[in-house]
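Colleague: First the structure, which I've put down as structure tokens, then a few questions once you've had a look.
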Amino acid sequence: MRELIPAWLWTLARPTFLPFALSAGLLVSAHASAQEYSARDVGDWTVAASKDKGGCFLSRTYDGTGRTMLLLGLNIDGGNHLSILNDNWSIKPRDRLKLSFRLSSGGYSNQLVVGMESEGKRGFVTNFETKFPDYFAASKALHIYRGEVPVEQLSLDGSGAAVAELRRCVGIVSAKPSAGGREKGRSAAIPKDPFAPDAGRSSED
């Protein structure tokens, strides 16, 4: 894991952070039946498909001041999005800040984040390299700092199983239905075009 983020990650400050996080519903308002995946709990975590069927996300709400909520989204294309929100925070939507993230075996210094708001909670969203979900899954805690100021210190217990289920969810929503599945349950006696002049003969053939 890199201690300093690569230069190309600085370009991720553009507002494209926001659509996924917001369309994902942020809370458990995700479309539970997207591509036949039903939201489910994995320990203290909840895994659900996003409304736009572009991927899935896992979430967890922590007891304590402001009831911090963590969401990790994983897109079908492999991209990821991490959002942290809290009832008491004053960060404004679209604010741009640099925070440091510490996992059990490494971290990311001066990571660019974008402010956001959802259902009364304010926080930020950012994205990382494609291996981040693996690092997240293997970690026991996530510590976040703004300079020397601690922003959050969150337990990631159970994140391994939650990320495994997250990847399973993405596999389901990304699967394309087969032609056979579309035709299943349809009578072979129905003509291709029932309104054609020779429709009756076609159905008999």
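Colleague: Can you find even one residue in the stretch 106-129 that is closer than 18 Å to residue 68 by Cβ, open to solvent by less than 60 Å² (accessible area, probe 1.4 Å) and at pLDDT below 95? Let's see the steps before the verdict.
Modeller: Step one: list which residues in the stretch 106-129 are closer than 18 Å to residue 68 by Cβ, which gives 111, 113-126.
Checking the rest, the ones that are also open to solvent by less than 60 Å² (accessible area, probe 1.4 Å) come to 111, 113-116, 118, 120-121, 123-126.
Right, trim to at pLDDT below 95 and you get 118, 120.
Yes - at least one qualifying residue is present in the stretch 106-129.
Colleague: Next up: I need the full set of residues from the stretch 40-85 which are on the phi > 0 side of the Ramachandran plot and open to solvent by 20 Å² or more (accessible area, probe 1.4 Å), in order please.
Modeller: Answer for the stretch 40-85, where residues must be on the phi > 0 side of the Ramachandran plot and open to solvent by 20 Å² or more (accessible area, probe 1.4 Å): 43, 53, 64, 67, 78.
Colleague: Write out, first by first residue and then by second, each pair whose Cβ atoms fall under 8 Å of each other, whose residues are 6+ apart or on separate chains, and whose first residue, in the stretch 60-80, is more than 16 Å from residue 49 (Cα to Cα) while the second is assigned to a loop (DSSP other than H, G, I, E, B) and open to solvent by 50 Å² or more (accessible area, probe 1.4 Å).
Modeller: If the second residue must be assigned to a loop (DSSP other than H, G, I, E, B) and open to solvent by 50 Å² or more (accessible area, probe 1.4 Å), the pairs left are 61/67; 65/88; 66/87; 66/88; 66/89; 67/87.
The values are calculated or read from the model by the stated rules, or taken from the named source; none is laboratory data. The model shown is predicted, which means the values in this text are computed figures rather than measured ones. Because the Cβ atoms are built from the backbone with ideal geometry, glycine has one as well, and the counts that use them run over all protein chains shown. Ligands, DNA and RNA are excluded from the accessible area calculation, which covers all protein heavy atoms including side chains. Shrake-Rupley method; radii C 1.70, N 1.55, O 1.52, S 1.80 Å.
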